[in-house]
Amino acid sequence: MTTTAQPPKDLRDFYEDPTVPVASGTPRSLRQARMLATALGPATGTDTGTPRTILDIGCGDGTAAATAAPLLTGHRLIGIDWSQDALKRARAHLTYTIRGELSGAGLPFATASADAVLFSEVIEHLVDPDAALDEIRRVLRPGGHLMLSTPNLAAWYNRALLLAGVQPVFSEVSLRAIHGRPGKEVVGHLRLYTARALREFVTAAGFDVVRLEGAPFHGVPRPLRPLDRLACVRPSLASILLLHARRRT
């Protein structure tokens with residue numbers, strides 16, 4: 001397994017700061033949960049229904065998992081984060097929480113022990129996303145499901161902003177303040193993907209892409225939200241990319 005260097009201490013401190021947003025919008029969480037529920041099928045009530053183990057890697061404060069949980073009834077949902085502060089808050093929403101990280105010694109799970117991984121709004125924060133997908137692939141069983149979501153660099157408004165010479169939404173040039181783009185919150189994004197780049201990246205990591213959808217962004221100004229929802233029809237224009245992939249055998 002490939003390992004990664006530890007992030008600088010100041011970057012770790014940044015993510016441990018309880019004022020840094022760790023929750024994602026409800027529309028994204030619901031769309032992603034529906035995709036996963038369809039992929040897994042019911043946990044009970046049919047001849048083939050079997051409870052599955054789902055790892056929510058980078059669960060943050062657990063609100064996204066709590067939103068998804070009613071659609072995943074009967075399955076075992078485990079929240080994982082390296083931030084102790086985030087895990088304290090997540091325990092209010094999740095029955096199972098474990099401290100773990102994708103770098104260093106890796107996740108505290110055996111090889112091929114998970115049926116699905118939720119990886120929501122995490123990859124854009126990573127120094128080494130290649131090693132992260134290597135570790136996710138390790139813990140997933142062959143054919144296991146990866147549900148990954150991340151902001152879209154080529155969202156419809158970002159295309160207009162770039163034409164106007166404005167820094168795209170979601171991109172950041174500092175951990176201290178916003179410079180050159182709309183918005184007020186610094187969230188620590190290090191990498192951004194277009195739909196095409198995300199497909200190619202996940203495929204190269206040993207996964208087969210099943211589906212790519214779009215989701216709206218809760219931070220879009222209210223008058224523009226209908227347009228943002230409409231853009232989801234074409235994932236390449238959507239605010240958020242929702243990707244379903246399966247571990248290649």
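The values are calculated or read from the model by the stated rules, or taken from the named source; none is laboratory data. Note that the structure is a prediction, hence the values are computed from the model and not measured. Backbone-built Cβ (ideal geometry, glycine too); neighbour counts: all protein chains shown. Please note that ligands, DNA and RNA were not included when accessible areas were found on the heavy atoms of the full protein model with its side chains. Shrake-Rupley method; radii C 1.70, N 1.55, O 1.52, S 1.80 Å.
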**In degrees, nearest ten, helix 26-40 long axis to first principal axis of the chain (Cα)** = 30
**Request:** At 1.4 Å probe size, with no ligands or nucleic acids counted, give the accessible surface of H189 in Å², nearest ten.
**Result:** 30
**Request:** With semi-axes √(5λ) of the Cα gyration tensor in Å defined as stated, name the option among [x] 31, 21, 17; [y] 27, 21, 18; [z] 25, 22, 19 computed from the structure displayed.
**Result:** [y]
**Asked** Which value, in Å³ per residue, describes the convex hull spanned by the Cα atoms of the stretch 19-142?
**Response** 107
**Request:** Any chance you could give the angle, 0 to 90 degrees and rounded to 10, that helix 129-139 forms with the longest Cα principal axis of the chain?
**Result:** 20
**Fill in**
Taking protein heavy atoms only, a 1.4 Å probe, and rounding to whole percent, the accessible area of the chain owed to carbon and sulfur comes out at 55
**Prompt:** For the stretch 137-217, what's the radius of gyration and Dmax over Cα atoms, in angstrom?
**Reply:** 15.3, 46
**Request:** Read phi for every residue in the stretch 193-204 and hand back ³J(HN,Hα) as whole Hz from Karplus 6.51 cos²θ - 1.76 cosθ + 1.60, θ = phi - 60°, with x for Gly and Pro.
**Result:** 10, 8, 4, 5, 5, 5, 4, 5, 5, 5, 4, 5
**Request:** Determine the dipole magnitude for the chain: charges of +1 sit on the beta-carbon of Lys and Arg, -1 on that of Asp and Glu, nothing else is charged, the reference point is the Cα centre, and the result goes in debye to the nearest 20.
**Result:** 660
**Prompt:** Where Lys and Arg each count +1 and Asp and Glu each count -1, what net charge lies around I178 among other residues with Cβ under 14 Å from its Cβ?
**Reply:** +1
**Fill in**
At q = 0.09, 0.11, 0.14, 0.17 Å⁻¹, the log10 of I(q)/I(0) for the stretch 77-225 from a Debye sum over equal Cα scatterers comes to -0.34, -0.51, -0.81, -1.13
**Message:** So if I restrict to the alpha-carbon atoms in the stretch 108-157, what is the Rg, and what is Dmax, the biggest pairwise distance, in Å?
**Reply:** 12.6, 42
